[in-house]
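Engineer: Have a look at the structure that comes next, please.
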Amino acid sequence: RMYSALNLTSALQVDREETGFSAAIVDRPIEIRKRMAHGVIDSSLFESAAAAGLSDKLIMNLAGIFAWDVDFVLDIRQGDNYYLQWEEVWQDGEFVTDGEVVVAEFNNDGRTHQAIRFVDSSGRTDYFTPSGDSVRKAFLRSPVDFRVSSSFNPNRLHPVLKTRRPHRGVDYAAPRGTPIKAAGDGKVIFRGVKSGYGNVVILQHGGNITTLYAHMSRFASKVRSGSRVRQGQTIGYVGATGLVTGAHLHYEYRLNGVHRNPRTVKLPQADPIAAKYREEFLAAAGPILEELENFKNTQLATIAYLDNP
């Protein structure tokens, strides 16, 4: 017999028979195990993840879920904490890989964000708040990946990141060449040089919103004036063009031509869960949230015991 794995869940099996050979695709059963973890941010999100036994993949998934509510470059504070339940994939008694996050909570600077995974009958996966609102929004809070600040010192947060918060926008210090992401779906209405801004891309979005990305080292090849871009698509790379002293991204968000603080402005929501799935989602969310709450209480009880043995 010859046995060759095709993918995680199937294999090709070839058997010798009296009349020759027979081949068949056979199942490779997998087991899904659920795990929960809790982390507190002291020096960095990645260090807290390692202490909590989480992989880089999981922490990036967690950040991706809350990317519309939390600016993971500038908003993270010492003492922020998170809870999550996720699936592990096991096969033949051995761990294979981390699966999807089932439910997560992120507590950032006094604000609590919760997200629950839901798969509808068409197979589409998305995350929703306990009330059924989508955690996705029309715009990301940060147009650069939070890995650029993965080892920040919380006691020197602003000097390390060299952040400035002028009325007209937000600056993100990042290494030259760091990808810059479109904050939302839109159309490129400007791609070129603008005096002190250096290399600039300006996107037009729905609702008379525009976003501006300045000081790029270079533009993404597919980004041309008049072209359409999707949220999260790379539109250029961090640089130091224009009147600057070091590599960084200058980002602006304008509504009806008026500058708004992109870190605090109320962002347009994505559609909530479809009405036909709402009851099913709420029924499934209840036990998941209860399990999360029980885990949180266990963690708090453990912390209280350690503080007062």
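The values are calculated or read from the model by the stated rules, or taken from the named source; none is laboratory data. Every value quoted in this text rests on a predicted model; they were computed, and no experiment measured them. Cβ: placed from backbone, ideal geometry, glycine included. Neighbour counts: every protein chain shown. To get the accessible areas, we keep the full protein, side chains included, count just its heavy atoms, and leave off ligands, DNA and RNA. Shrake-Rupley method; radii C 1.70, N 1.55, O 1.52, S 1.80 Å.
Engineer: Which ³J(HN,Hα) values, rounded to whole Hz and listed in residue order, are derived for segment 124-141 from phi using the Karplus coefficients 6.51, -1.76 and 1.60 in 6.51 cos²θ - 1.76 cosθ + 1.60 with θ = phi - 60°, glycine and proline given as x?
Structural biologist: 6, 9, 8, 10, 9, 6, x, 8, x, 7, 6, 6, 6, 9, 5, 9, 7, 6
Engineer: Which lysines have a Cα less than 18 Å from the Cα of Lys296, not counting those fewer than 8 places away in the same chain?
Structural biologist: Reachable lysines: Lys34.
Engineer: I would also like to ask the following. Could you give me the ³J(HN,Hα) list for segment 76-91, computed from phi with Karplus coefficients 6.51, -1.76, 1.60 and θ = phi - 60°, whole Hz, x at Gly and Pro?
Structural biologist: 3J(HN,Hα) across segment 76-91, in whole Hz: 5, 10, 4, x, 4, 9, 8, 10, 8, 10, 9, 9, 10, 9, 10, 8.
Engineer: For log10 I(q)/I(0) by the Debye sum over Cα atoms at q = 0.06, 0.07, 0.11 Å⁻¹, which listed value, (i) -0.17, -0.24, -0.62; (ii) -0.27, -0.37, -0.81; (iii) -0.21, -0.28, -0.69, comes from the coordinates shown?
Structural biologist: Computed from the coordinates, log10 I(q)/I(0) by the Debye sum over Cα atoms at q = 0.06, 0.07, 0.11 Å⁻¹ corresponds to (ii).
Engineer: Same structure again: Choose one answer from Arg263, Arg141, Arg278: the residue with the largest mean-square fluctuation in a GNM of the chain with alpha-carbon springs under 10 Å.
Structural biologist: Sorting by GNM fluctuation, first place goes to Arg278.
Engineer: Also: As a test question: what accessible area, to the nearest 10 Å², does Leu12 have when a 1.4 Å probe is rolled over all protein chains in place?
Structural biologist: 50 Å²
Engineer: Starting from the Cα gyration tensor of segment 247-299, take the square roots of the eigenvalues, sort them a ≥ b ≥ c, and report rounded, prolate or oblate (rounded when a/c is under 1.5, otherwise prolate if a/b is larger than b/c, else oblate).
Structural biologist: oblate
Engineer: What is segment 1-152's relative contact order, in percent, from Cα pairs under 8 angstrom and six or more apart in sequence?
Structural biologist: So the answer I get is 20 percent.
Engineer: For segment 92-135, just say rounded, prolate or oblate: build the C-alpha gyration tensor, square-root its eigenvalues into a ≥ b ≥ c, call rounded for a/c under 1.5, and beyond that prolate if a/b exceeds b/c, oblate if not.
Structural biologist: Verdict is oblate for segment 92-135.
Engineer: Oh, and also: Using a Gaussian network model of the chain with C-alpha springs under 10 Å, which one of Pro268, Pro143, Pro29 is most mobile by mean-square fluctuation?
Structural biologist: Of Pro268, Pro143, Pro29, the Gaussian network model singles out Pro29 as fluctuating most.
Engineer: Just check segment 60-137 against the gyration tensor rule for me: Cα atoms, a ≥ b ≥ c as the square roots of the eigenvalues, rounded for a/c under 1.5, and otherwise prolate or oblate depending on whether a/b exceeds b/c.
Structural biologist: oblate
Engineer: Taking H placed 1.01 Å from N in the peptide plane, check which residues at least 5 places from Asn108 or on another chain put their amide H under 5 Å from its amide H.
Structural biologist: The answer is His113.
Engineer: Need the list of aspartates and glutamates near Lys276 for cross-linking: C-alpha distance under 16 angstrom, and skip anything on the same chain fewer than eight residues off.
Structural biologist: Cross-link targets: Asp120, Asp126, Asp133.
Engineer: Using label points projected 7 Å from each Cα along Cα→Cβ, tell me how many nm separate Ala11 and Asn297, to one decimal.
Structural biologist: 4.4 nm
Engineer: Return the sequence-ordered ³J(HN,Hα) values of segment 241-252 in whole Hz as given by the Karplus equation 6.51 cos²θ - 1.76 cosθ + 1.60 applied to θ = phi - 60°, using x for Gly and Pro.
Structural biologist: With the stated coefficients, segment 241-252 comes to 7, x, 8, 9, 9, x, 5, 6, 9, 9, 10, 10 Hz.
Engineer: Determine the relative contact order of the chain: mean sequence separation of Cα pairs under 8 Å and six or more apart, normalised by residue count, in whole percent.
Structural biologist: Relative contact order, the chain: 14 percent.
Engineer: Which lysines does Lys181 reach when only Cα atoms under 27 Å apart count, and residues fewer than 8 places away in its own chain are ignored?
Structural biologist: Lys57, Lys137, Lys162, Lys194, Lys222, Lys266
Engineer: Hey, what angle do you get for helix 56-65 against the long axis of the chain, alpha-carbon based, 0 to 90 degrees rounded to 10?
Structural biologist: Orientation of helix 56-65: about 60 degrees from the principal axis.
Engineer: Helix 275-307 against the longest principal axis of the chain: what's the angle in degrees, Cα atoms only, rounded to the nearest 10?
Structural biologist: Roughly 90 degrees between the two axes.
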